[in-house]
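J.: Handing you this structure, nothing more for now.
The values are calculated or read from the model by the stated rules, or taken from the named source; none is laboratory data. Remember, it's a predicted structure, so these values are computed and weren't measured experimentally. We place every Cβ from the backbone using ideal geometry, glycine too, and count neighbours over all the protein chains shown. When the accessible area is computed, the model is the full protein with side chains, heavy atoms only, and any ligands, DNA or RNA have been set aside. Shrake-Rupley method; radii C 1.70, N 1.55, O 1.52, S 1.80 Å.
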Amino acid sequence: MPQYQELPCGGQVLDIDTALKDGILGGAPELGDAAAGDGGKQPVELRKMMDELDAAGDGGGDEAVPVVFICPISLEPMVDPVTLCTGQTYESANISRWLALGHRTCPTTMQELWDVTPIPNTTLRQLIAAWFSRRYTRFKKRSADFDGRAAELVHGLRGTAVPKRQPLKGQARVAALRELRSLAVTHQSVTKAIAEAGGVGLLTSLLGPFTSHAVGSEAVAILVSGVSLDADAKAALMQPAKVSLLVDMLNEGAVDTKINCVRLIRILMEEKGFRPETVASLSLLVGVMRLIRDKRHPDGVAAGLELLNSICAVHKPARSLIVSIGAVSQLVELLPELPTECVEPALDILDALAAVPEGRTALKDCPRTITNAVRLLMRVSEACTRRALSMLWVVCRMAPEECAPAALDAGLGAKLLLVIQSGCGPELKQQASELLKLCTMNCTSTVFISKCKLTKTIQ
């Protein structure tokens, strides 16, 4: 008997009886039999299974979800399928909303409904439950296997395996850490198993002055994969020797290692007992800036900007040190090439650095400050416009006779008028008005008007 039956109109429908008998839609309905008499509870349990599988990225295992399980309205698997008089099946909540809007046609065929009462499709519901139940059982079994393997690796590294063995050393240790990292990154549930087996203390102890970068990079990758770090672990990681190793790997490791080191340092900075002077290290700041400048790796740029922004916020004395390594000119040069989501953090850093005299001087001396700041006005977000205006205010106020005409040449006049006439907040409009006054004071009205007209013509 075929899996599909031909319709007179030329279409096909799934033969439910054959599919169930042959196991094509999940075999015997292990969950379905129990669910059939479970009333309204079964869809809730089925939704929980779907959500857990979806969160783990294992919605259908190696198989695609059968098309007959998908609601034509939401294009998502159904948990409470109902059938209309046209023979089309939908998720109950979706078709109820459709009918509540006053529609009296079938969403799929657009046929007029002669009966608007949806009929529960119990058979299909059991098939869906059976199919997802089988995937869920396999998923749980795989998770248990992965958790067990992770715990086994931790015990092998700690020397607490049964039967008793010495802790793994050398290349065996690196290989075990590499496998453990792969498990932690691929399967989120493994991070809990690592913590329960004492893996956090182990990984923390592996970071020290005599740790090789091969071991250190794997340990750091596991620590930032989602493993829960308690206060004791964070306190241990904030020891000078461990921070020193992180800084070394940040400067000398592979790109992935650098990104993980930056993320771990930022996690430690969120701890109450964190000492801000820990990040006031020239080698640390140089390593972060080197990561930010590497445009080939957007994740590294974003992670570096987040860390540098946090350092500026929690340790103000570090701002002068950041300026001294040339961060201002480097960030200004990068502004036009940064991904949209990275522009605001970069401007936040520049705004913080402008709070110190050295930072303001560096902004004024950078030849691209005015041009790049003017370009950002009314481009990314209101917050970015505010930061860009602050930069322009700083440089124009420091050297009005030099910078105000240069800003107008870059198109500032027209951009300021646009800000003032836009729907931006009153504070931002006031800021634009004050900058406009500063520019007009250092430029004749005729020149100012001609520059604005020229800019509008070019735009």
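J.: So which residues in segment 217-239 are within 20 Å of the chain's Cα centre (by Cα) and touching a residue at least 40 places away in the same chain (Cβ under 8 Å)?
T.: If the condition is that a residue be within 20 Å of the chain's Cα centre (by Cα) and touching a residue at least 40 places away in the same chain (Cβ under 8 Å), then Val220, Ala221, Ile222, Leu223, Val224, Ser225, Gly226, Val227 are the ones that fit.
J.: Is it fair to say Leu285 is under 22 Å from Ala231 (Cβ atoms), assigned to a helix (DSSP H, G or I) and out of contact with any Cys (no Cβ under 7 Å at 6 or more places or on another chain)?
T.: no
J.: Which one is modelled with the highest pLDDT among residues in segment 95-148 that are among the basic types (Lys, Arg) and either closer than 30 Å to Ala176 by Cβ or over 37 Å from the mean Cα position of the chain (by Cα) (or both)?
T.: Our first condition is that a residue be among the basic types (Lys, Arg); within segment 95-148, this holds for 97, 104, 125, 134-135, 138, 140-142.
Next, from what is left, pick out any that are either closer than 30 Å to Ala176 by Cβ or over 37 Å from the mean Cα position of the chain (by Cα) (or both): 104, 138, 140-142.
Details: Arg104: 91, Arg138: 79, Lys140: 75, Lys141: 76, Arg142: 71.
Looking at residues that are among the basic types (Lys, Arg) and either closer than 30 Å to Ala176 by Cβ or over 37 Å from the mean Cα position of the chain (by Cα) (or both), I get Arg104.
J.: To continue, here is another question. Report yes if Ala195 is exposed (fewer than 15 other Cβ atoms within 10 Å of the Cβ), of a type in the set (A, V, I, L, M, F, W, C) and outside any loop (DSSP other than H, G, I, E, B), otherwise no.
T.: Numbers: exposed (fewer than 15 other Cβ atoms within 10 Å of the Cβ): no; of a type in the set (A, V, I, L, M, F, W, C): yes; outside any loop (DSSP other than H, G, I, E, B): yes.
In short, no.
J.: Quick check on my filter: what residues within segment 269-289 are crowded, with 21+ Cβ neighbours inside 10 Å and over 17 Å from Ala302 (Cα atoms)?
T.: Val279
J.: Test of understanding: among Val243, Val247, which residue is crowded, with 20+ Cβ neighbours inside 10 Å, farther than 30 Å from Arg142 by Cβ and either among the aromatic types (Phe, Trp, Tyr) or at pLDDT 90 or above (or both)?
T.: Val247
For every residue, the table says whether it meets (1) surrounded by 18 or more Cβ atoms within 10 Å (Cβ to Cβ); (2) without any contact (Cβ under 8 Å) to a residue 12 or more places away in the chain.
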site: Leu350; (1), (2): yes, no
site: Pro357; (1), (2): no, yes
site: Leu363; (1), (2): yes, no
site: Thr369; (1), (2): yes, no
site: Asn372; (1), (2): yes, no
site: Leu377; (1), (2): yes, no
site: Cys384; (1), (2): yes, no
site: Arg387; (1), (2): yes, no
site: Glu401; (1), (2): no, no
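J.: So for segment 117-133 (the condition being open to solvent by 60 Å² or more (accessible area, probe 1.4 Å), over 30 Å from Glu91 (Cβ atoms) and not in a helix (DSSP H, G or I)), does at least one residue qualify?
T.: Taking segment 117-133 and keeping what is open to solvent by 60 Å² or more (accessible area, probe 1.4 Å), we get 117, 119-120, 122-123.
Next cut, over 30 Å from Glu91 (Cβ atoms) only: none.
The answer is no; no qualifying residue exists.
J.: Condition test on Phe139, is it open to solvent by less than 40 Å² (accessible area, probe 1.4 Å) and part of a helix (DSSP H, G or I)?
T.: yes
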